[in-house]
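One structure is given here, and the rest of the page talks about it.
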Amino acid sequence: MNQESNIIKGKTIADALENELKLASIQFFQKTGVKPRLSVIILGEDPASLFYVRMIEKNCQKVNIEFGKHSLATETTEDKLLALLQELNQNEAVHGIIVQTPLPDHIKEDKIREALSPVKDVDCFNPINMGKLAMGNPDFLPCTPNAVFEILKREKIEVEGKHVVIVGRSSVVGKPLALILLLKQPQANATVTICHSRTKNLASFTQKGDVVVAAAGVARLIKKDMIREGTVVIDVGTNEVEGKLVGDVDFEEVSQVAAKITPVPGGVGPVTNMMLMQNTLQAARKQVF
Ligand SMILES: NC(=O)c1ccc[n+]([C@@H]2O[C@H](COP(=O)([O-])OP(=O)(O)OC[C@H]3O[C@@H](n4cnc5c(N)ncnc54)[C@H](OP(=O)(O)O)[C@@H]3O)[C@@H](O)[C@H]2O)c1
């Protein structure tokens, strides 16, 4: 049986962030007369995307950030989407922009990424922001990997000089997380190994990690025998299995050996949402001051 005490409660961290960000947003408004504003562009009616956008709206309300939703038909042309993006880029009342993915096949995602103003790019969608992160000089940290970083900081899990093993090399989670943990700053400075689907003998790597981050999108991939006793395990995965949300870590098993572990749901997810709010406030500060 897992001990309650080793479970990292993402919801509690997210609640603390919510209070801090709400206060910061109100103070920003009192100082500048400007309310931070986040605009979301969504094409079509994909249920998962619609759900995510509703959640963004709710979180904006919680922390006093204005929310704008631009719903376009799936068949909207690339030129029309680019025109809307330009309008939002130039609108001084808008501080952050999200283009909800996946985009329909007829739209070239790379073109949209490059068109999003880097100063309003609150989830590091534009390659300029990813490039800055790779150079060790980021303006924004992408929300999901930053949520993992935030959890490590708030739980006082030092990674400096430690070995962090990341399972997954996507440009949304695994790779940018490695770049964050490699930053030359006391809260980072980790030694990082990235594993992926072609990695041979995955367990031989995960067993060597002081911290293991699972971001593979494979339900219960990480088992107890793949983790050394005392390892910190962060589960980014969200997989639906028989109508239930489960992570990439076999929580029941691994929580018996992990020093600390995030559950799914209630781990990384709620913190990710708040990272988007934090980036929007940061974007507003950069644009107004
Ligand atoms: N909680 C949150 O806020 C949040 C946010 C974003 C994503 N997620 C979840 O995080 C997970 C990862 O998302 P993603 O966008 O990074 O997924 P992705 O683009 O599908 O990437 C998955 C990565 O895992 C690797 N992989 C797949 N199977 C593997 C295996 N058996 N062993 C080792 N590596 C394996 C893949 O390797 P290859 O590169 O070789 O294919 C790839 O690098 C998903 O479950 C997603 O739903 C959660």
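Structure notes:
- Residues of segment 135-171 classified as in contact with a Cys (Cβ under 9 Å, 6 or more places away or on another chain) and of a type in the set (V, I, T), total: 3
- V122 vs. criteria among the aliphatic types (A, V, I, L, M), within 15 Å of the ligand (Cβ to nearest atom) and farther than 28 Å from V218 by Cβ: yes
- Among all positions in segment 35-44, there is no residue which is surrounded by fewer than 14 Cβ atoms within 10 Å (Cβ to Cβ) and more than 30 Å from H106 (Cβ to Cβ).
- Residue in segment 247-259 that is touching a Pro at 6+ places or on another chain (Cβ under 8 Å), modelled with pLDDT of 95 or more and in a helix (DSSP H, G or I) present: yes
- Matching residues, segment 153-181, being over 14 Å from the mean Cα position of the chain (by Cα) and β-branched (V, I, T): I157, V159, V164, V165, I166, V167
- Figure legend. Inter-residue proximity from segment 72-91: first residues of a type in the set (K, R), second residues surrounded by 13 or more Cβ atoms within 10 Å (Cβ to Cβ) and at pLDDT 95 or above, beta-carbon distance below 8 Å, spacing 6+ or different chains. Indicated pairs: K80/L72.
- Test for D248: is it within 27 Å of R54 (Cα to Cα), near the ligand (Cβ under 10 Å from one of its atoms) and either within 15 Å of the chain's Cα centre (by Cα) or free of Cβ contacts under 8 Å to residues at least 12 places away in the same chain (or both): no
- The numbered conditions (1) farther than 23 Å from N129 by Cα; (2) in contact with a Ser or Thr (Cβ under 7 Å, 6 or more places away or on another chain) are all true for A48 except (2).
- Residue within segment 7-30 that is among the hydroxyl-bearing types (S, T, Y), surrounded by fewer than 20 Cβ atoms within 10 Å (Cβ to Cβ) and free of Cβ contacts under 8 Å to residues at least 40 places away in the same chain present: yes
- Checked against (1) farther than 15 Å from V173 by Cβ; (2) hydrophobic (A, V, I, L, M, F, W, C); (3) within 11 Å of the ligand (Cβ to nearest atom), V254 passes all but a single condition, namely (3).
- Per the conditions (1) surrounded by 24 or more Cβ atoms within 10 Å (Cβ to Cβ); (2) more than 20 Å from P176 (Cβ to Cβ); (3) among the hydrophobic types (A, V, I, L, M, F, W, C); (4) assigned by TED's automatic domain parsing to the domain that holds V165, the sole criterion not satisfied by F251 is (1).
For (1) over 20 Å from the mean Cα position of the chain (by Cα); (2) in the same structural domain as L50 (by TED's automatic domain parsing); (3) outside any loop (DSSP other than H, G, I, E, B); (4) surrounded by fewer than 18 Cβ atoms within 10 Å (Cβ to Cβ), each residue gets a yes or a no:
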site	(1), (2), (3), (4)
G68	yes, yes, yes, yes
T74	yes, yes, no, yes
L85	yes, yes, yes, no
L88	yes, yes, yes, no
E92	yes, yes, no, yes
I97	no, yes, yes, no
L103	no, yes, no, no
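- Selection from segment 263-287 of residues that are within 13 Å of A14 (Cα to Cα), more than 9 Å from the ligand (Cβ to nearest atom) and not in a helix (DSSP H, G or I): G266
- Taking the numbered list (1) closer than 30 Å to A16 by Cα; (2) free of Cβ contacts under 8 Å to residues at least 60 places away in the same chain; (3) surrounded by fewer than 17 Cβ atoms within 10 Å (Cβ to Cβ) in turn, N126 passes all entries but (3).
The values are calculated or read from the model by the stated rules, or taken from the named source; none is laboratory data. All of these numbers come straight from a predicted model, not from anything done at the bench. Using ideal geometry, Cβ is built from the backbone for each residue, glycine included, and neighbour counts are taken over all protein chains shown.
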